[in-house]
C-alpha cells in the first residue's frame with residue numbers, strides 16, 4: 001500500500017521549506033511521528049538495528065557525559081581533543097547543545113507527539129547531538145552553511161535517518177521553489193558529503209569522547225576520512241537565507257574572540 005504524506009504535517013514541511021532557519025528540522029523531525037507511516041518508521045529502525053557496526057552500538061545505548069571545555073583543556077596540539085576545543089571556542093558554540101536538545105525532546109514527549117518515536121531513533125538523535133561537533137572535526141567540515149549541509153549528507157550516506165533526510169529535502173525544496181541560487185552550491189555540498197560518507201567507515205555512535213588524546217590524523221586515517229583537499233563550496237551568488245546565517249555566525253565568532 002502506497003502511503004501519502006499527512007497534509008497537516010505537509011504544511012509544517014512547507015513552513016520549513018519557506019525558511020529553514022526560522023522553522024528548523026529540529027522541530028519538523030519531532031512533529032513527524034504522530035502521522036508517520038509505520039512502514040517508513042520500521043525501515044528507519046531496521047537501517048540501524050540491522051547494520052553490522054551501528055546495530056550493536058545503538059543497542060548498548062552509551063551516552064557521553066555532558067561536554068565541557070575543561071575535558072579537552074589538556075589535550076596536546078594535533079590531537080582530536082585539541083581540534084575539538086578549537087572548533088568549539090573559535091565558533092562560539094554552546095557547550096550544552098546536546099543537553100538543550102534533550103530538553104526539547106522532553107517537551108515534545110510530554111505533549112504526546114513522540115509516542116511513536118522508537119527508542120533506537122530517540123537514541124540516534126540524542127547521541128547525534130552529542131557527536132555533531134566531533135563529526136565536524138573528524139570530517140573537516142566547518143560550520144559554514146554548506147559545510148553543515150555536507151555533514152548532513154555524510155550522515156545520511158552512512159545511515160538512513162529521517163532527520164538528515166528532512167534537512168536535505170527542506171533545503172532542496174527551498175532551492176527549487178524559492179531560491180535557485182542555492183541549487184548548485186547545495187548540490188555540491190550534498191554530493192561531497194554523500195561521497196565521503198559512502199567511502200568512509202561508519203562513525204555513527206562511536207565513543208570519540210574517549211579518544212580525545214589520539215592524534216587527529218590517526219583517527220581520520222582509521223575511519224577513511226583523510227582527504228587531499230578540503231571541501232570548498234563555490235557560491236557565485238549568495239542566497240538571502242545563507243547570507244543571513246553567515247552574518248549570525250560571524251557575530252558568534254566575534255563574540256567568542258572578544259570573550
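The values are calculated or read from the model by the stated rules, or taken from the named source; none is laboratory data. Given the structure is predicted, the values throughout are model-derived calculations rather than measurements. Ideal geometry is used to build each Cβ from the backbone, glycine not excepted, and the neighbour counts take in all protein chains shown.
Each residue in segment 167-182 was checked for being surrounded by 22 or more Cβ atoms within 10 Å (Cβ to Cβ) and without any contact (Cβ under 8 Å) to a residue 40 or more places away in the chain, and 0 of them qualify. I'd like the full set of residues that are more than 22 Å from residue 93 (Cβ to Cβ) and loosely packed, with under 11 Cβ neighbours inside 10 Å, limited to segment 201-236. Within segment 201-236, 228, 229, 234, 236 qualify. Name every residue in segment 1-34 that is part of a loop (DSSP other than H, G, I, E, B) and loosely packed, with under 14 Cβ neighbours inside 10 Å, in order of residue number. Scanning segment 1-34 gives 1, 2, 3, 4, 5, 21, 22. Within the group 176, 105, 142, which residue is more than 25 Å from residue 15 (Cβ to Cβ) and out of contact with any helix residue (DSSP H, G or I) (no Cβ under 6 Å at 6 or more places or on another chain)? Only one candidate passes the filter, namely 142. A Cβ distance below 6 Å, combined with a sequence gap of six or more or placement on separate chains, defines the contacts here; from segment 204-225, residues that are free of Cβ contacts under 8 Å to residues at least 60 places away in the same chain reach residues that are crowded, with 16+ Cβ neighbours inside 10 Å in the pairs 224/200. Filtered by the rule that a residue be more than 22 Å from the chain's Cα centre (by Cα) and touching a residue at least 40 places away in the same chain (Cβ under 8 Å), segment 1-37 gives a lone residue, 34. Taking (1) farther than 24 Å from residue 133 by Cβ; (2) modelled with pLDDT of 95 or more; (3) in a loop (DSSP other than H, G, I, E, B) in turn, residue 43 satisfies each apart from (3).
Hey, does segment 204-217 have a residue that's out of contact with any strand residue (DSSP E or B) (no Cβ under 7 Å at 6 or more places or on another chain), assigned to a helix (DSSP H, G or I) and more than 30 Å from residue 109 (Cβ to Cβ)? Looking for residues that are out of contact with any strand residue (DSSP E or B) (no Cβ under 7 Å at 6 or more places or on another chain), assigned to a helix (DSSP H, G or I) and more than 30 Å from residue 109 (Cβ to Cβ), one finds at least one in segment 204-217, hence yes. Against the numbered list (1) modelled with pLDDT under 95; (2) farther than 26 Å from residue 16 by Cβ, residue 221 comes up short only at (1). Of the listed requirements (1) surrounded by fewer than 20 Cβ atoms within 10 Å (Cβ to Cβ); (2) free of Cβ contacts under 8 Å to residues at least 60 places away in the same chain; (3) more than 17 Å from residue 135 (Cα to Cα), residue 185 misses just one: (1). Can you confirm whether residue 97 is at pLDDT 95 or above, closer than 21 Å to residue 163 by Cα and surrounded by 14 or more Cβ atoms within 10 Å (Cβ to Cβ)? So residue 97 fails the test. How many residues are surrounded by 12 or more Cβ atoms within 10 Å (Cβ to Cβ) and in a helix (DSSP H, G or I) when one looks only at segment 46-57? Matching residues across segment 46-57 total 7.
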